[in-house]
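Okay, so here's the structure we're looking at.
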Amino acid sequence: MTHPALPVSRLSRRALFCLPAVAALALVPLAGFSGSAFAQTPAWPTQTVKILVGFPAGSTPDVSARILAEALGKAWGQTVVVENRPGAAGNIAADAVAKARDDHTLGIVINGNLTTAKALNPKLPFDPARDFAPVSLVATAPLVLVTNADKPAGAAFFAAARAGGKSWSYGSVGIGSVGHLGMEALMSKAGMADAVHVPFNGNPAVITALIAGQVQMALMPPGIALPQAQAGKVRVVGVSGPRSPLAAGVEPLNSLGVTLDDLEVWNALVAPSGMARAALDRLGRDVPEVLRQPEVRERMLTAGWQVQGSTAEVLRRRVEAETKLLGGIIAAQGIKVE
């Protein structure tokens, strides 16, 4: 897929590929969540619990949400359903969670919804620091660099990408997403910074575009990329960080001279900041416990996720650290949503 050459503000122009509402992420630390308290309930849950996901069915956040929902439903003896509200790099669903007032609505969010969204879009309809109570870092995964099946691997891939220049494009789940920021960092380090960014509503759409040759590369979770690589439909170039059990046999990008050690995808469970204390306390106990179950860990691993099951405080610290990391890439590359 060939795109026209970009003018001076290359990254600003990329925003034109997104829906106007797209804003991937927010440069705000999660210290001091606040909000008016909901009515306290003597027991929780007392009705069906909804977990909202900002990406389509079959996406990696959706799969992890469904595994978690099933495990929590069994633990609570209560129905737990997953509801997909895709769009705006997950921020449509995140906004719905922030505004929920029923004490039974939660959200599975990705890195960006909690880290850099508001910096990219000051008009974001929710404030990640104010409107969410962190529950748990659910799962993490490295980033896998994937290209078309007819493209070379190894060092030859980077040579081909540099030669392709503006005729090459890469996909991500939205402006400011980890896949977007990671590709910008990778292209800068590898001297291939002319490729055009094309955002999609989820990784299933990104991998479909790769298979069709509509984009030439992407950084993706292994759970989406590796099955298609094993089927010969795409080619894997390398994995971020050290060797990973989630990407067995895939060469680290470090060995090819490109270091992306600190970048990975993750998802987390959050609640509205005003959710009843009894509900938050139970979530804080039960979510890590069900994620420690061997069958849950195995299902997550099969889906391409490494279970974390952290405390709320661990999630809070992770968001603060990554806000600095991703914010640095945004500042260095001048990335904006316009």
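The values are calculated or read from the model by the stated rules, or taken from the named source; none is laboratory data. Worth saying up front: this structure is predicted, and the values here are computed from it rather than measured. Please note: Cβ atoms are built from the backbone with ideal geometry, for glycine as well, and neighbour counts cover all protein chains shown.
Remarks
- Residue count, the stretch 297-338 (criterion: modelled with pLDDT of 85 or more, more than 18 Å from the chain's Cα centre (by Cα) and part of a loop (DSSP other than H, G, I, E, B)): 1
- When the residues of the stretch 106-136 are filtered to those that are assigned to a loop (DSSP other than H, G, I, E, B) and hydrophobic (A, V, I, L, M, F, W, C), the one that is farthest from A93 (Cα to Cα) is L124.
- The single condition from (1) within 23 Å of G223 (Cβ to Cβ); (2) modelled with pLDDT of 95 or more that T79 fails is (1).
- Only one of S255, S273, S240 that is loosely packed, with under 15 Cβ neighbours inside 10 Å and of a type in the set (S, T, Y): S255
- Filtering the stretch 260-287 to residues that are under 30 Å from L219 (Cβ atoms), of a type outside the set (A, V, I, L, M) and in contact with a strand residue (DSSP E or B) (Cβ under 6 Å, 6 or more places away or on another chain) leaves E264, W266, N267.
- Among (1) part of a helix (DSSP H, G or I); (2) surrounded by fewer than 21 Cβ atoms within 10 Å (Cβ to Cβ); (3) over 19 Å from the mean Cα position of the chain (by Cα), the one test that P204 misses: (3)
Conditions tested, residue by residue: (1) touching a His at 6+ places or on another chain (Cβ under 9 Å); (2) part of a helix (DSSP H, G or I).
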site: F158; (1), (2): no, yes
site: A163; (1), (2): no, yes
site: I175; (1), (2): yes, no
site: L181; (1), (2): no, yes
site: A229; (1), (2): no, yes
site: G238; (1), (2): no, no
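- D103 vs. criteria of a type outside the set (S, T, N, Q), farther than 27 Å from M187 by Cα and in a loop (DSSP other than H, G, I, E, B): yes
- Qualifying residue in the stretch 130-147 (condition: closer than 30 Å to M192 by Cβ and surrounded by fewer than 24 Cβ atoms within 10 Å (Cβ to Cβ)): yes
- One residue stands out in the stretch 207-224 among those that are of a type in the set (V, I, T) and touching a strand residue (DSSP E or B) at 6+ places or on another chain (Cβ under 9 Å): the one that is surrounded by the fewest Cβ atoms within 10 Å (Cβ to Cβ), namely I211.
Residue-wise test of (1) under 22 Å from R277 (Cβ atoms); (2) buried (at least 20 other Cβ atoms within 10 Å of the Cβ); (3) among the charged types (D, E, K, R).
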| residue | (1), (2), (3) |
| --- | --- |
| E70 | no, no, yes |
| V81 | no, no, no |
| A88 | no, yes, no |
| D102 | yes, no, yes |
